[in-house]
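Data block below; observations after.
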Amino acid sequence: MTGAPSQAYDAIRALEYRYARLLDDDRLEEWPSLFVERGVYKVIPRENLDRQPPLPIFFCDSRAMMQDRVRSLREANVYNLHYARHVVSNIEILSAREDIFEVAACYTVYQTDLEGQTRLFSVGQYRDVITNGGGELKFQEKVAVCDTFNIPNLLAIPL
Amino acid sequence: MLRENAEISPPLPWPTQDGSRVPFGVFTRHDVFDREQEAIFRGPVWNYVALEAELPQPHDFKTSFVGDTPIIVSRAEDGSLHAFVNRCAHRGATVQRQACGNTRQHRCVYHQWSYNARGDLVGVPYRRGVAGMGGYAADFDPRDHGLTKLRVASHKGVIFATFRSDTAPLEDYLDEPLLAAIDRLFSRPVKVLGHMRQRVRGNWKLYAENTRDPYHAALLHGFHATFGLYRTNQKRKGGSDRARAHSTGVTYGDDWRQAEQSGNIEQDKFVANYSLADPSLLEGRPDFNDGVTVSITSIFPCLVIQQIMNTLATRHIRPKAADDFELYWTYFGYQDDDEQMTACRLKQANLVGPAGLISMEDSEAIELIQRAIVRDGREDSFLEFGGLQADLDKDRTGEATIRAFWRYYSGLMGRPDGTRGNGAEA
């Protein structure tokens, strides 16, 4: 591999890891900052993929909408108390043109309750469009396709 | 079939006959769960199983459940609807393994027994044997070996099934206010936009209670208050069937209704004066001209039909065990929705379902109950909010509809003293 693609891959991987770490460290307020202003975030049950358009269970199409979601989680919603752990793997650049990368990755999210018991909460695939926004890579679109489309209890923290 | 007066050991200790005390054992006991499968789900009730819009074409099918029994819902070549147990008449294997699809024959993979869209046995390999070996006797009649059939009835495209031959006609079972609620939401042909599922570690009846419980709405669900989504002249009304099994209620009378009267409805929003950073979440056009923003209809035992703003969905409660159920959402719009309306429904899907801004709390509340009632099955919950004399057709703020659910439930399950019936409170 030449130097340039390797650099791009390293930067994309760093963005994916940072995404996971912000969520796992409960830094929800910083989560929207990983997206461009009109960025899209969706969680789509795998069983809905064969419909056009596929029905999401969680859908933001602006950074402001993500901020509303975070405010709702902080101030309004009641959900299961837990620690989240996002594991991102199998990161692959599917296409690259100019500064826009289509990226696929696998995610696994574990939840640990307040008695220290861990369960596998969700597994699936990220389908990302990553772009160079103001000198750093950001998500133009992040779609989490849930293999685990029978959501255990509820989904609060983004996948 | 239901065995009359089947024993429950020990009997359910209902402390009162009016549904105001519910012993926790009904949420935890496996013998109660088993009894429910016979007395409730296979009893004289109509179980929601699917929407006709999910199987529009001949030979379309969808797998579903009646209680915890897996079934296939299917449309035959003449357009008629059928439902049968998804269990091979030969050795008991699951016949149809797909969630939905279109097929002329449902073929069991084990020995390739095949059934048509009505559940009739139409194919048996080596039925006459091979070279004098194997095969079935000459008097083997395929008509005796079809899949176990249920009766099916559909109202406005909402499909119900029952195991019993003596279940009252569907329209009588639902009764007037419930029929009106269904007619309203299914007044135009619908199209399914997708499904949402959540698996809840709790008893299915905790969800049945939840959807008949206006008391919790503004207390548990904080989204509206947090974002200033209050309407000044909001009112509630509702109704119930004569048997008091079901409940339907609406919230109506708000700002955009007034706007409609000023002839300005197309440009108007559902709400004003909120503090969302991105208000596009709530931008929509009213689907109806009646000012109703929320409509929740709970049909015994396992169906909820909802309209919340532009979100339309059926919620199918699928019990799996005493402490486990699936909530299966079928999210729909109308066939004549334009692109903008579909986009609006997809965005408002944020409000409901497992990640719903105004719904995610419900399953958590249910799990909180299930976790805490592990041991004290003879202790009970307390359901007297709104008073015991509340008029079900007028008072839509108290716990009267939950008490009515329990009276109907205990009537079907049989009382410890052997009597049946739905109690005294009207």
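Here's the yes/no breakdown for (1) exposed (fewer than 15 other Cβ atoms within 10 Å of the Cβ); (2) within 14 Å of chain A (Cβ to nearest Cβ); (3) acidic (Asp, Glu):
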site: B:328; (1), (2), (3): no, yes, no
site: B:332; (1), (2), (3): no, yes, no
site: B:337; (1), (2), (3): no, yes, yes
site: B:352; (1), (2), (3): no, yes, no
site: B:355; (1), (2), (3): no, yes, no
site: B:369; (1), (2), (3): no, yes, no
site: B:375; (1), (2), (3): yes, no, no
site: B:400; (1), (2), (3): no, no, no
- Message: Scan the stretch B:102-110 and tell me whether some residue there is at negative phi, surrounded by 17 or more Cβ atoms within 10 Å (Cβ to Cβ), free of Cβ contacts under 8 Å to residues at least 24 places away in the same chain and not charged (D, E, K, R).
- Response: yes
- Return the pairs, sorted by first residue and then second, in which the second residue is crowded, with 16+ Cβ neighbours inside 10 Å and aliphatic (A, V, I, L, M), the first residue lies in the stretch B:336-354 and is at positive phi and outside any helix (DSSP H, G or I), the beta carbons are less than 6 Å apart, and the residues are 6+ apart or on different chains. B:353/A:57; B:353/B:196
- Task: Please note which strands (runs of 3 or more DSSP E) are completely contained in the stretch B:1-120 and include at least 1 residues that are of a type in the set (Lys, Arg).
- Result: B:21-23, B:60-66, B:69-75
- Out of B:365, B:390, sole residue that is outside any strand (DSSP E or B) and within 10 Å of another protein chain (Cβ to nearest Cβ): B:365
- Query: If you go through the stretch A:32-59, how many residues are part of a helix (DSSP H, G or I) and more than 20 Å from residue A:102 (Cα to Cα)?
  - Reply: 2
- Query: If a residue has to be more than 7 Å from chain B (Cβ to nearest Cβ) and within 22 Å of residue B:219 (Cα to Cα) to count, how many in the stretch A:61-70 make the cut?
  - Reply: 2
- Report, by residue number, each residue of the stretch B:137-181 that is within 16 Å of residue B:244 (Cα to Cα) and basic (Lys, Arg). none
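Being within 18 Å of residue B:410 (Cβ to Cβ), in contact with a helix residue (DSSP H, G or I) (Cβ under 7 Å, 6 or more places away or on another chain) and of a type in the set (Asp, Glu) narrows it down to one of B:34, B:18, B:68, so name that one.
One residue alone meets the criteria, B:18.
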- Filter result for residue B:115 (exposed (fewer than 13 other Cβ atoms within 10 Å of the Cβ) and in contact with a Gly (Cβ under 8 Å, 6 or more places away or on another chain)): no
- Task: For residue B:224, indicate whether it is buried (at least 22 other Cβ atoms within 10 Å of the Cβ) and either in a loop (DSSP other than H, G, I, E, B) or within 11 Å of chain A (Cβ to nearest Cβ) (or both).
- Result: no
- Query: Quick one: how many residues across the stretch B:217-256 are out of contact with any Asp or Glu (no Cβ under 6 Å at 6 or more places or on another chain), within 20 Å of residue B:205 (Cα to Cα) and at pLDDT 90 or above?
  - Reply: 8
- Task: Just give me the residues in the stretch A:137-151 being touching a residue at least 40 places away in the same chain (Cβ under 8 Å) and assigned to a strand (DSSP E or B), in sequence order.
- Result: A:137, A:138, A:139, A:140, A:141, A:142, A:143, A:144, A:145, A:146, A:151
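Condition check ((1) of a type in the set (D, E, K, R); (2) buried (at least 20 other Cβ atoms within 10 Å of the Cβ); (3) within 13 Å of another protein chain (Cβ to nearest Cβ); (4) within 21 Å of residue A:58 (Cβ to Cβ)) across all residues:
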| residue | (1), (2), (3), (4) |
| --- | --- |
| A:99 | yes, no, no, no |
| A:121 | no, yes, yes, yes |
| A:126 | no, yes, no, yes |
| A:151 | no, yes, yes, yes |
| A:155 | no, yes, yes, yes |
- Query: Within the set of pairs 6 or more residues apart or between chains, which connect a residue that is at positive phi inside the stretch B:16-36 to a residue that is not in a strand (DSSP E or B) with Cβ atoms less than 7 Å apart?
  - Reply: B:19/B:383; B:19/B:403; B:19/B:404; B:19/B:406; B:19/B:407; B:19/B:423
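The values are calculated or read from the model by the stated rules, or taken from the named source; none is laboratory data. Computed from a predicted structure; not experimentally measured. Cβ sites come from the backbone with ideal geometry, for glycine too, and all protein chains shown count toward neighbours.
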